[in-house]
1. Pick from segment 11-31 the residues that are at pLDDT 90 or above, surrounded by fewer than 15 Cβ atoms within 10 Å (Cβ to Cβ) and charged (D, E, K, R): which of them is nearest to G92 (Cα to Cα)?
2. Every residue in segment 1-19 that is part of a helix (DSSP H, G or I), charged (D, E, K, R) and without any contact (Cβ under 8 Å) to a residue 24 or more places away in the chain, please.
3. Within segment 77-87, track down each residue that is within 17 Å of G57 (Cβ to Cβ) and assigned to a helix (DSSP H, G or I).
4. I'm checking my understanding of the structure. Among residues of segment 55-73 that are open to solvent by 70 Å² or more (accessible area, probe 1.4 Å) and within 27 Å of the chain's Cα centre (by Cα), which one is farthest from I26 (Cα to Cα)?
5. Tell me, please, whether a residue that is at pLDDT 90 or above, more than 30 Å from I22 (Cβ to Cβ) and open to solvent by 70 Å² or more (accessible area, probe 1.4 Å) can be found in segment 127-147.
6. Taking segment 86-105 as the region of interest, how many residues are without any contact (Cβ under 8 Å) to a residue 40 or more places away in the chain and either touching a His at 6+ places or on another chain (Cβ under 6 Å) or surrounded by 15 or more Cβ atoms within 10 Å (Cβ to Cβ) (or both)?
7. For K77, indicate whether it is under 18 Å from S42 (Cα atoms), at pLDDT below 95, out of contact with any His (no Cβ under 6 Å at 6 or more places or on another chain) and among the basic types (K, R).
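The values are calculated or read from the model by the stated rules, or taken from the named source; none is laboratory data. From a predicted model like this one, the values you see are computed outputs, not experimental measurements. Cβ placement follows ideal geometry from the backbone for every residue including glycine, while neighbour counts extend to all protein chains displayed. Surface areas here come from the heavy atoms of the whole protein model, side chains and all, with no ligands, DNA or RNA. Shrake-Rupley method; radii C 1.70, N 1.55, O 1.52, S 1.80 Å.
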Amino acid sequence: YIETAPDGLRGLDKIKAAPENIDLIISDINMPGMNGIDLIQSVHNIDPNLVVILLTGFATVNNSMTALKAGAFRIIKKPFDLDELLNAVDSGVERCLLKRRLDAYHVHLEELLQNKTKALQLAVDQLKESYVKTMTTIVSILDAYEQNTATHSQVVSILSVRLARAMGITAEEELNTI
């Protein structure tokens, strides 16, 4: 669908109201209230994926460079060739849609990364817990078979934790694994 505005400021108001409904903007460089360069900058602050094609009756190198630096997709000199404008619109809409798909894909990848990170952290925590339980069980089995050293491993563990604290190790997670 096509939306029109009599000047840049009212056009910007329409863009602010529903940027997700707009894929492409065709604007003149010279307009009352706000020129096309300022419009581009304001539009890209709202949605950097929006594509702006500028029309101008004064296509100077300086105007063109300024417009391109501001983020214009194309600059078309008036009077324009309809085919040139239609080609610019087709490629501009395609670019906008591709950029939006890419943004959505990045968001999806971020969500996947967060979920995988949480799952990995859970697996690491479970592995640590399993390791501590396994080591405790092995020590208990050894103590049960060796009557002379039944409490020796527990005493060594307690002394090791005291020594670690004396050395400045304060992280409970590290002390618990000793």
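1. Among those that are at pLDDT 90 or above, surrounded by fewer than 15 Cβ atoms within 10 Å (Cβ to Cβ) and charged (D, E, K, R), it is K16.
2. The answer is R10, D13, K14.
3. L82, E84, L85
4. Taking the candidates together, the pick is K69.
5. yes
6. So the count comes out to 2.
7. Against the criterion (under 18 Å from S42 (Cα atoms), at pLDDT below 95, out of contact with any His (no Cβ under 6 Å at 6 or more places or on another chain) and among the basic types (K, R)), K77 does not qualify.
Yes/no per residue for (1) in contact with an Asp or Glu (Cβ under 8 Å, 6 or more places away or on another chain); (2) among the acidic types (D, E); (3) part of a helix (DSSP H, G or I):
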| residue | (1), (2), (3) |
| --- | --- |
| L112 | no, no, yes |
| D125 | no, yes, yes |
| S160 | no, no, yes |
| T170 | no, no, no |
